[in-house]
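Structure first, then comments.
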């Protein structure tokens, strides 16, 4: 079955960074439609501006959709799930944070996240499957965030040693484990 797959980048990110182009190309080769929306730069990055960007993709978000959020993109993914009427097929969270310190962008993300208050019951009910990835040496967001997210979602945390923030600076221009896990649910 062909799926619509979204990759949400983090703060100041773009669709051409990290492992996003590699994953997009691999999934498109398998016949899926992959969207990597460009969200605003940090000075204009807010929940509202991201939701506005996502509006033009609403027709592609349904029961067969897969959402992937990296860093602040994971925080955004939670807010999207809270607003959906119907569940998506699967959600993948990479180096996401829910405000547990140490977290480098704690203050900047506080307003974005509405004070780090989440409706976990609604979030869990709006995705049929969840996968959570974190590293033990992420320089931006502590492993405690990954553990707490996995706990709230009632899934196992995939902790990858020395993967940093799963970005280009950490050597992540490919993300084979994520790709394999996506394939496992297609």
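Can you pull out the residues in the range 143-155 that are in a loop (DSSP other than H, G, I, E, B) and within 16 Å of the chain's Cα centre (by Cα)?
Within the range 143-155, 155 is the sole residue that qualifies.
With the condition kept exactly as written, say whether any residue in the range 138-155 is crowded, with 18+ Cβ neighbours inside 10 Å and without any contact (Cβ under 8 Å) to a residue 24 or more places away in the chain.
Checked against the condition, which is being crowded, with 18+ Cβ neighbours inside 10 Å and without any contact (Cβ under 8 Å) to a residue 24 or more places away in the chain, the range 138-155 yields at least one hit.
Please give the number of the condition residue 164 fails out of (1) more than 24 Å from residue 14 (Cβ to Cβ); (2) part of a loop (DSSP other than H, G, I, E, B); (3) touching a helix residue (DSSP H, G or I) at 6+ places or on another chain (Cβ under 6 Å).
Only one criterion is unmet by residue 164, namely (1).
Confirm whether residue 86 is part of a loop (DSSP other than H, G, I, E, B) and closer than 24 Å to residue 60 by Cβ.
Taking the combined requirement at face value, the residue satisfies it.
Is there any pair linking a residue in the range 170-186 that is on the phi > 0 side of the Ramachandran plot and exposed (fewer than 13 other Cβ atoms within 10 Å of the Cβ) to one that is at pLDDT 95 or above and in a loop (DSSP other than H, G, I, E, B), with Cβ under 9 Å and at least six apart or on different chains, and which?
Matching pairs, first to second residue: 171/163; 171/164.
The values are calculated or read from the model by the stated rules, or taken from the named source; none is laboratory data. Being a predicted model, the structure only gives us computed values, none of them experimental. Note that each Cβ is placed from the backbone with ideal geometry, even for glycine, and that neighbours are counted across all protein chains shown.
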